[in-house]
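This report refers to the structure that appears directly beneath it.
No value in this document is a laboratory result; all are computed from the given coordinates. Bear in mind that the values here come from a model prediction, so they are computed numbers and not experimental data. Methodologically, a virtual Cβ is constructed for each residue, glycine included, from the backbone with ideal geometry; neighbour enumeration extends over all protein chains shown.
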Amino acid sequence: MDSFLIEGGVPLHGEVQISGSKNAVLPILAATLLTAETCVIRRVPDLSDVDFMVKILRSLGAEVTAAEGMLTIRCGAIRGFGDYDLIRKMRGSICILGPLLARLGQATVSLPGGCVIGTRPIDLHLKGLEALGAKITVDGGYLRCDTPKLQGNLVFLGGRAGPTVLGTANILMAATLAEGVTVIESAACEPEVVDLANFLISMGAKIQGVGSPTITVTGVRELHGAEHEVIPDRIEAGTFACAAAATCGEVTLRGARLDHLGAVLEKLREAGVGLDRTQGALTIRGHRGLRPVDVTTMPYSGFPTDMQAQLMALLCLAPGTSILTERIFESRFMHAAELMRLGADISIEGPSAIVKGGRPLTGAPVMASDLRASAALVIAGLCARNTTQVHRIYHLDRGYERMEAKLSKLGARISRVPGE
Ligand code: EPU
């Protein structure tokens with residue numbers, strides 16, 4: 001398995017182009033299953049999770065051609081039986097369920113996997129599909145869903161930790177071809193759900209209320225092919241912002257949607273990071289004299305759980321006590337123990353991490369446990385003294401396009417060490 005070798009202590013300088021959003025593109029690729037016509041998706045990030053989704057689509061019978069940043073997909077004759085091992089490996093694969101069921105009236109898939117950040121149930125997805133008339137059984141690790149025809153209904157998607165992002169995507173896609181009207185209550189408001197809905201609307205779906213907790217879908221007989229450009233990745237943008245701030249550098253983010261970054265920018269500002277907006281771009285100016293902050297992860301438009309680890313790495317440098325409370329995924333603090341190997345002072349108390357910041361970090365070998373944890377370790381390595389080796393960076397390759405190339409261009413001393 002590959003690792004990153006990072007010589008810390010170099011302030012990042014320059015411009016970085018933000019790629020298409022991983023969490024938007026995965027359900028959008030699944031949505032192409034809803035039509036037999038050709039769809040063209042642009043600003044597709046080059047990520048292993050995208051490769052996985054393409055493999056899954058091909059295994060279902062889709063014809064997919066790839067050009068730089070663009071996928072052309074035709075799901076002409078498809079089957080509803082997903083490859084067990086492919087689907088099991090990636091959480092995002094669960095969102096093929098809604099479209100397959102809507103198009104074919106049946107779908108059989110293995111239970112999905114994903115990052116180790118807590119138990120990741122799919123009860124809300126299944127409850128939603130059942131409300132639309134699906135019969136669901138589990139047998140031999142496979143989930144089998146059947147319905148003669150999906151029927152619109154009232155679907156409540158609120159769970160213990162709030163709405164579900166992929167659950168909303170799944171029900172939204174299923175409802176586009178259901179008979180009658182579906183009202184999704186407690187729907188996720190994330191920009192990635194809005195992007196999916198915009199793609200579905202361009203395919204001919206009738207959807208109202210996206211971006212709010214109540215989405216109304218009026219089913220149509222069929223959807224047609226469409227073209228779509230995926231939104232920029234707000235988490236990648238936030239990650240580079242934290243890296244710039246942590247290294248006391250000056251980095252301009254190109255192509256980021258600042259309207260998707262409200263809660264993240266607010267916390268960076270509170271922590272004393274300089275932020276300048278000019279002509280649609282954002283420049284981050286890091287400097288010594290960071291301040292501690294308290295933050296609680298929440299559904300959008302609150303502070304995203306996908307930025308908690310990266311902010312923690314930054315706050316390790318802010319003298320004083322910061323408290324990060326995780327309300328979305330119960331076990332999402334695996335990075336804390338690894339940050340401590342670099343000299344950070346962090347203790348976990350229930351759902352909160354208490355960071356006593358301001359101690360200098362020193363390089364060490366560390367192990368990435370999930371995608372955002374890996375990003376946090378890279379940020380810490382970039383500002384630690386000496387060398388940090390981040391092992392198992394296949395997690396990073398799942399969700400960050402050419403991260404080491406982008407960081408190198410900003411002046412970072414980072415290289416990939418191929419694994420044996
Ligand atoms: N939940 C349930 N039942 C369900 C589904 C979810 O109880 O059926 C709970 C989860 O356990 C969690 C909460 O609801 O406590 C929210 O989970 P959600 O369903 O919203 O997460 P997800 O849709 O599986 C997506 C992103 C995650 C991101 C979360 C939250 C993709 C592929 N994944 O996951 O992204 O953290 O939304 O915003 O879109 C990442 O990119 O690193 C990542 C993990």
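With the calculation restricted to Cα positions, what are the radius of gyration and Dmax of region 259-399 in angstrom?
Spelled out, the Cα radius of gyration and Dmax of region 259-399 are 14.4, 43 Å.
Could you calculate the contour length gain from Thr362 to His224, that is, 0.36 nm times the residue separation minus the distance between their Cα atoms, to one decimal place in nm?
Taking 0.36 nm per residue and subtracting the Cα distance, the gain is 44.2 nm.
Whole percent per 5 Å bin, from 0 to the bin with the longest distance: what is P(r) over all C-alpha pairs of region 22-220?
Computed distribution, short to long bins: 1, 8, 18, 23, 23, 17, 9, 2, 0.
I need the calculated FRET efficiency for the pair Thr137 and Ile354, taking r as the beta carbon distance and R₀ as 45 Å, to the nearest 0.05.
Calculated transfer efficiency: 0.50.
Read phi for every residue in region 33-46 and hand back ³J(HN,Hα) as whole Hz from Karplus 6.51 cos²θ - 1.76 cosθ + 1.60, θ = phi - 60°, with x for Gly and Pro.
Once rounded to whole Hz, the list reads 5, 6, 9, 8, 8, 7, 10, 10, 10, 10, 6, 8, x, 8.
If you wrap region 211-330's Cα atoms in a convex hull and average its projection over all directions, what's the area in nm²? Show your work: numbers first, answer last.
Working: hull surface 39.0 nm².
Quarter of the Cα hull surface area: 9.7 nm².
Nearest 0.05, what FRET efficiency do Asp123 and Asp51 give at R0 = 35 Å with Cβ-Cβ as r?
On the way: r = 29 Å, r/R0 = 0.82.
Plugging the Cβ-Cβ distance into 1/(1 + (r/R0)^6) gives 0.75.
Report the calculated FRET efficiency for Lys206 and Arg402 (r = Cβ-Cβ distance, R0 = 41 Å), to the nearest 0.05.
On the way: r = 38 Å, r/R0 = 0.94.
My answer for the efficiency is 0.60.
Taking the DSSP beta bridges in region 22-220 as the whole, what percent of them are antiparallel, to the nearest 5?
On the way: 29 of 34 bridges.
Approximately 85 percent, going by the DSSP bridge assignments.
Among the GluC sites (Glu not before Pro) in region 146-240, which ones are in a DSSP loop with at most 13 other Cβ atoms within 10 Å of the Cβ? Mind listing them?
Loop-located and lightly packed - Glu222.
Residue separation times 0.36 nm, minus the C-alpha to C-alpha distance between Ala67 and Ser415: what's the value?
122.6 nm
To the nearest 10 degrees, how steep is helix 191-202 against the longest Cα principal axis of the chain, on a 0 to 90 scale?
The angle comes out at about 30 degrees.
Going by alpha carbons, how many degrees (0 to 90, nearest 10) lie between the helix axis of 165-176 and the longest principal axis of the chain?
Approximately 20 degrees, to the nearest 10.
Just for the chain, what percent of DSSP beta bridges are antiparallel, to the closest 5?
Within the chain, antiparallel bridges account for around 75 percent of the total.
Could I get the Rg over Rh figure for the chain? Both from C-alpha atoms, Rh via Kirkwood, rounded to two places. Mind dumping the intermediate values first?
Details: Rg = 21.3 Å, Rh = 21.8 Å.
Dividing the radius of gyration by the Kirkwood radius yields 0.98.
Work out how much length Leu275 to Arg42 would gain on full extension: take 0.36 nm times their residue separation and subtract the Cα-Cα distance, in nm to one decimal. Walk me through the intermediate numbers first.
Values: separation 233, 0.36 × 233 = 83.88 nm, distance 2.92 nm.
This chain segment gains 81.0 nm when fully extended.
Treat each spin label as a single point 7 Å out from the Cα along the C-beta direction, and report the Thr387 to Leu154 distance in nm.
Taking the simple label geometry, Thr387 and Leu154 are separated by 6.3 nm.
List, in order, the whole-Hz ³J(HN,Hα) value for each residue of region 357-364 obtained from phi through the Karplus relation with A = 6.51, B = -1.76, C = 1.60 and θ = phi - 60°; use x for Gly and Pro.
x, x, 7, x, 8, 10, x, 6
Tally the DSSP beta bridges in region 256-341 and give the antiparallel ones as a percent, rounded to 5. Walk me through the numbers on the way to the answer.
Working: 5 of 9 bridges.
The antiparallel proportion sits near 55 percent.
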